[in-house]
1. Enumerate the calculated ³J(HN,Hα) couplings along region 138-144 in order (Karplus 6.51 cos²θ - 1.76 cosθ + 1.60, θ = phi - 60°), each rounded to whole Hz, writing x wherever the residue is Gly or Pro.
2. Under 21 Å between alpha carbons, and skipping anything fewer than 8 positions from K263 in its own chain: which lysines qualify?
3. Which order do the peptides 258-269, 28-39 take when ranked by the mean count of other beta-carbon atoms within 10 Å per residue, highest first?
4. Please express the shape of region 75-120 as an equivalent ellipsoid: the semi-axes are the square roots of 5 times the eigenvalues of the C-alpha gyration tensor, given largest first in whole angstrom.
5. Restricting things to Cα coordinates, could you compute the convex hull volume per residue of region 28-149 in Å³?
6. Going by average Cβ neighbours within 10 Å, how do the peptides 85-92, 15-22 rank, with the highest at the top?
7. If we count other beta carbons within 10 Å of each Cβ, what is the order of L79, L94, L165, fewest first?
8. Pop out the ³J(HN,Hα) list for region 35-46 in order, Karplus 6.51 cos²θ - 1.76 cosθ + 1.60 with θ = phi - 60°, rounded to Hz; leave Gly and Pro as x.
Amino acid sequence: MHSMTGFGRGSATNEHGSANIEIAGVNRKQAEVVIQGIRDLPEVEARIRKLASSRISRGRLQLSVQITPVGGSGEGMVLDAHLARQMEAVFADLSEQIGRQVRPTASDFLKAPGVIRMEDQGLSPDHVWELVAPALEEALNQFSDMRAREGEQLAVDLRERIETLKSIRHDIGIQAPERPQRYREMLLKRLADAGLDLDLADDRVQREIGLFADRCDISEELTRLDAHFVAFSDFFDSNDAVGRPLDFLCQELNREFNTIGSKASDAAIAQKVVSAKTELEKIREQVQNVE
């Protein structure tokens with residue numbers, strides 16, 4: 001069992017420069033990878049996304065990537081000689097037109113769009129990946145380790161809460177066998193109070209009374225609860241992504257307890273059902289953190 005939340009950091013250095021990567025994971029129903037810091041390098045971004053996505057099945061990963069090439073930022077000033085010569089020719093033509101010599105100044109060249117510009121002279125995509133790959137692997141490993149540790153803590157908490165639900169189910173189970181007979185007696189009393197002259201020895205009457213009494217039988221629901229508890233416990237030591245099936249089991253547990261509450265028509269059992277649903281809500285909140 002793994003948590004969806006975690007943090008990891010990795011760094012790497014070689015002859016081309018250095019790379020620093022930070023990863024933060026948060027809860028989300030679907031898998032999503034968000035990458036910041038890689039500009040104009042779609043090949044590298046795609047490789048980062050593919051590797052990061054392979055580590056999660058759901059949750060949101062936020063990756064911050066910082067690349068520092070050897071010698072600085074990788075940006076430098078570039079002269080477009082063709083535009084500069086065109087500018088000289090324009091000024092020469094201007095001089096001829098007005099009858100006096102006019103020469104462009106350094107300020108004119110700087111102001112003219114495109115003559116002198118800042119251009120990325122940084123690393124190639126392959127060199128960037130050589131830097132990023134080991135830093136990314138280190139960050140992802142730290143992230144996975146933290147998720148595993150948090151997952152162990154979640155499993156401990158969920159085990160305790162499932163045991164609480166089992167205890168509640170046990171208490172309900174003790175009272176459950178009495179319910180059909182008590183419901184049967186209640187029906188007979190109501191029929192007598194209503195003054196209905198029924199032959200209670202008649203098989204048809206007994207069958208109808210039995211059908212009504214069976215409506216409060218919760219033995220099937222209790223059996224299904226036991227099966228769900230076993231299924232829930234089987235996921236605790238799993239290394240697979242179990243968040244979605246656990247969420248489904250929470251819905252099934254909630255449905256069974258609701259059915260028990262509506263069928264039992266008993267104040268004591270109803271109180272137990274309220275306690276179970278309160279505990280189940282806490283379980284569902286924790287399950288939202290499970291990958």
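Values quoted throughout were computed directly from the atomic coordinates according to the rules given, and no laboratory measurement underlies them. Since the model is a prediction, treat every value here as computed from it, not as a measurement. Heads up, the Cβs are rebuilt from the backbone with ideal geometry, glycines too, and the neighbour counts pull from every protein chain shown.
1. For region 138-144, the Karplus curve yields 5, 5, 5, 5, 4, 4, 5 Hz.
2. Within the straight-line cut-off, K263 pairs with K166, K189, K272, K277.
3. Details: 258-269: 16.8, 28-39: 14.3.
Ranking, from highest mean packing down: 258-269, 28-39.
4. Details: eigenvalues 127, 17, 7 Å².
So the three semi-axes of region 75-120 are 25, 9, 6 Å.
5. Numbers: hull volume 17.6 nm³, N = 122.
Convex hull volume per residue, Cα atoms: 144 Å³.
6. Working: 85-92: 13.1, 15-22: 19.0.
Ranking, from highest mean packing down: 15-22, 85-92.
7. On the way: L79 11, L94 14, L165 21.
The order, fewest Cβ neighbours first, is L79, L94, L165.
8. Coupling constants for region 35-46: 10, 10, x, 9, 9, 6, 10, x, 5, 5, 4, 5 Hz.
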